[in-house]
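What follows is a short report on a single structure.
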Amino acid sequence: MCRHYGCDGVKVSLETVRHGLIDNWLRHIKDVSRFNAEKLNGLEPDKKLDTLCELYVIEQVTNVCNTTIVQKARGTGTRLSVHGWVYGIENGILKD
């Protein structure tokens, strides 16, 4: 799973207006925001966006790990790694 800092999807997910079909995808980010409200409350806007982006990646890695495909692979002893990264668009540096 990979996302980037400054993600417009993360930014838009914090808005209260409806955007149409994209709201279905944004719902997942909104859920992560709601589940982690204590971590996000009081942060400066840019820090809040970066932190939400990181929390979203963590959540998606968890979701991938819980898929039947990954669970089946683990059950058969298949060696498997799932990674989550966030990178800076301005410098390309990955944060894992």
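The values are calculated or read from the model by the stated rules, or taken from the named source; none is laboratory data. For clarity, every value in this text was computed on a predicted model and none was experimentally measured. No Cβ is skipped: glycine too gets one built from the backbone with ideal geometry, and neighbour counts run over all protein chains shown.
It is to be established whether one or more residues within the range 61-78 are on the phi < 0 side of the Ramachandran plot, among the charged types (D, E, K, R) and part of a loop (DSSP other than H, G, I, E, B). Talk me through it step by step, then tell me what you get.
Restricting attention to the range 61-78, the residues satisfying the condition of being on the phi < 0 side of the Ramachandran plot are 61-76, 78.
Retained after the next criterion (residues that are among the charged types (D, E, K, R)): 72, 74.
Those still in the list that are part of a loop (DSSP other than H, G, I, E, B) too: none.
Taking every residue of the range 61-78 in turn, none turns out to be on the phi < 0 side of the Ramachandran plot, among the charged types (D, E, K, R) and part of a loop (DSSP other than H, G, I, E, B).
Quick one: how many residues across the range 5-26 are exposed (fewer than 11 other Cβ atoms within 10 Å of the Cβ), over 20 Å from Y87 (Cβ atoms) and not aliphatic (A, V, I, L, M)?
Initial filter on the range 5-26 (exposed (fewer than 11 other Cβ atoms within 10 Å of the Cβ)): 8, 15-18, 20-21, 24.
Next, from what is left, pick out any that are over 20 Å from Y87 (Cβ atoms): 15-18, 20-21, 24.
With not aliphatic (A, V, I, L, M) added as a condition, the list becomes 15-16, 18, 20, 24.
Residues in the range 5-26 being exposed (fewer than 11 other Cβ atoms within 10 Å of the Cβ), over 20 Å from Y87 (Cβ atoms) and not aliphatic (A, V, I, L, M): 5 in total.
Before we move on, is V57 touching a strand residue (DSSP E or B) at 6+ places or on another chain (Cβ under 8 Å), outside any loop (DSSP other than H, G, I, E, B) and hydrophobic (A, V, I, L, M, F, W, C)?
Details: touching a strand residue (DSSP E or B) at 6+ places or on another chain (Cβ under 8 Å): yes; outside any loop (DSSP other than H, G, I, E, B): yes; hydrophobic (A, V, I, L, M, F, W, C): yes.
Criteria met by V57.
Pick out the one residue from G84, G77 that is within 15 Å of C2 (Cβ to Cβ), small (G, A, S) and out of contact with any Asp or Glu (no Cβ under 6 Å at 6 or more places or on another chain).
Details: G77 fails: within 15 Å of C2 (Cβ to Cβ).
The unique qualifying residue is G84.
Exactly one of these conditions fails for N36: (1) surrounded by 15 or more Cβ atoms within 10 Å (Cβ to Cβ); (2) within 21 Å of L94 (Cα to Cα). Give me its number.
Of everything listed in (1) surrounded by 15 or more Cβ atoms within 10 Å (Cβ to Cβ); (2) within 21 Å of L94 (Cα to Cα), N36 misses just condition (2).
Tally the residues that are part of a loop (DSSP other than H, G, I, E, B) and either in contact with a strand residue (DSSP E or B) (Cβ under 6 Å, 6 or more places away or on another chain) or not hydroxyl-bearing (S, T, Y) (or both), restricting the search to the range 79-90.
Residues of the range 79-90 part of a loop (DSSP other than H, G, I, E, B): 79-84, 88-90.
Keeping just the survivors that are either in contact with a strand residue (DSSP E or B) (Cβ under 6 Å, 6 or more places away or on another chain) or not hydroxyl-bearing (S, T, Y) (or both) gives 79-80, 82-84, 88-90.
Qualifying residue count, the range 79-90: 8.
Consider D46 against the criteria (1) surrounded by 12 or more Cβ atoms within 10 Å (Cβ to Cβ); (2) closer than 15 Å to V10 by Cβ: it satisfies all of them except one. Which criterion is unmet?
(1)
For the structure I just gave you, tell me whether V12 is at pLDDT 90 or above, under 11 Å from the mean Cα position of the chain (by Cα) and hydrophobic (A, V, I, L, M, F, W, C). If you could, list the steps in order and put the result at the bottom.
Working: at pLDDT 90 or above: yes; under 11 Å from the mean Cα position of the chain (by Cα): no; hydrophobic (A, V, I, L, M, F, W, C): yes.
No; evaluated as a whole, the condition is false for this residue.
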